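The values are calculated or read from the model by the stated rules, or taken from the named source; none is laboratory data. Source: prediction; values computed, not measured. So basically every Cβ, Gly included, is an ideal-geometry build from the backbone, and we count neighbours across all protein chains shown. To get the accessible areas, we keep the full protein, side chains included, count just its heavy atoms, and leave off ligands, DNA and RNA. Shrake-Rupley method; radii C 1.70, N 1.55, O 1.52, S 1.80 Å.
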Amino acid sequence: MNDHLKYTAKLFSSATFSFFKINILGQFLYAIIGISTICTIIYQSGAKMGHINGSAIVLVLFALRPIGFGLTLITLLVGPFLLFSLGNKYIMSKIINKLISDKGEVLLFPVIDKVIDRIKSKQPELLKSGADKAMLQLKLIQAFRDSDENKWVKKILIYGLKKISLDEVDFKDENVSFSEIIKDKIITGLKNVSQPSRNFFWIILGVQITILILILTQVI
């Protein structure tokens, strides 16, 4: 048990560090490049802007550098959202691939068993023949979310559960273990998660740096 706790702590501290690098340092670097780009536009347009301030500056910059200033604003608005959403997806994929390749079943199976046993005791009708399988899946997701497990373990299990379908599960077959079916489906779904790539990070920053270079050379 102690080994499992140590492994979990090590794995998810790595995830936290990745989150810090992408969603904190990455966002900061992105903001620095964006602000530098706007400052460059203002500096290059200084003589033409005259004595204006406030919202009028935005309108004048649009008039003087419509393409450059417009692209800069778009990247500043869209880029942080893309970094955050794609960054979280990358971190989740990284954790899942590492966990499954190491000891996914050993770590995750007891958690799945605990949640399913809880549903069996509190809402046994959900596991009977003719039960609403979509409702069962929602209840499982909520049960994982409400459990007292590590937050990253819960996120992984919910992610895997959302990837599976219970439509073909036959509750009439008494020889089939519902718990085993769910566990196998979740692990299979997690194994199908693609290997993570940080290319999105460099592409997003590359686009913004390219815009800065084009503005510095006054191409746009």
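What to note about this one:
- Identity of the residue in region 39-63, part of a helix (DSSP H, G or I), open to solvent by less than 60 Å² (accessible area, probe 1.4 Å) and in contact with a helix residue (DSSP H, G or I) (Cβ under 6 Å, 6 or more places away or on another chain), that ends up modelled with the highest pLDDT: Thr40
- Flag: Lys98 does not match the condition of being free of Cβ contacts under 8 Å to residues at least 40 places away in the same chain and surrounded by fewer than 19 Cβ atoms within 10 Å (Cβ to Cβ).
- Taking region 118-134 as the range and being open to solvent by 50 Å² or more (accessible area, probe 1.4 Å), modelled with pLDDT of 80 or more and either within 29 Å of the chain's Cα centre (by Cα) or among the β-branched types (Val, Ile, Thr) (or both) as the test, only Arg118 passes.
- Filtered residues of region 84-95 (kept if open to solvent by less than 80 Å² (accessible area, probe 1.4 Å) and farther than 18 Å from Gln195 by Cα): none
- For Gln142, the conditions (1) modelled with pLDDT of 80 or more; (2) out of contact with any Leu (no Cβ under 9 Å at 6 or more places or on another chain); (3) more than 30 Å from Leu73 (Cα to Cα); (4) open to solvent by less than 60 Å² (accessible area, probe 1.4 Å) all hold with the exception of (4).
- Within region 135-149, if we keep just the residues that are free of Cβ contacts under 8 Å to residues at least 24 places away in the same chain and not charged (D, E, K, R), the residue that is farthest from Leu107 (Cα to Cα) turns out to be Met135.
- For region 202-220, filtering for residues that are assigned to a helix (DSSP H, G or I) and either among the aliphatic types (A, V, I, L, M) or touching a Lys or Arg at 6+ places or on another chain (Cβ under 9 Å) (or both) leaves 11.
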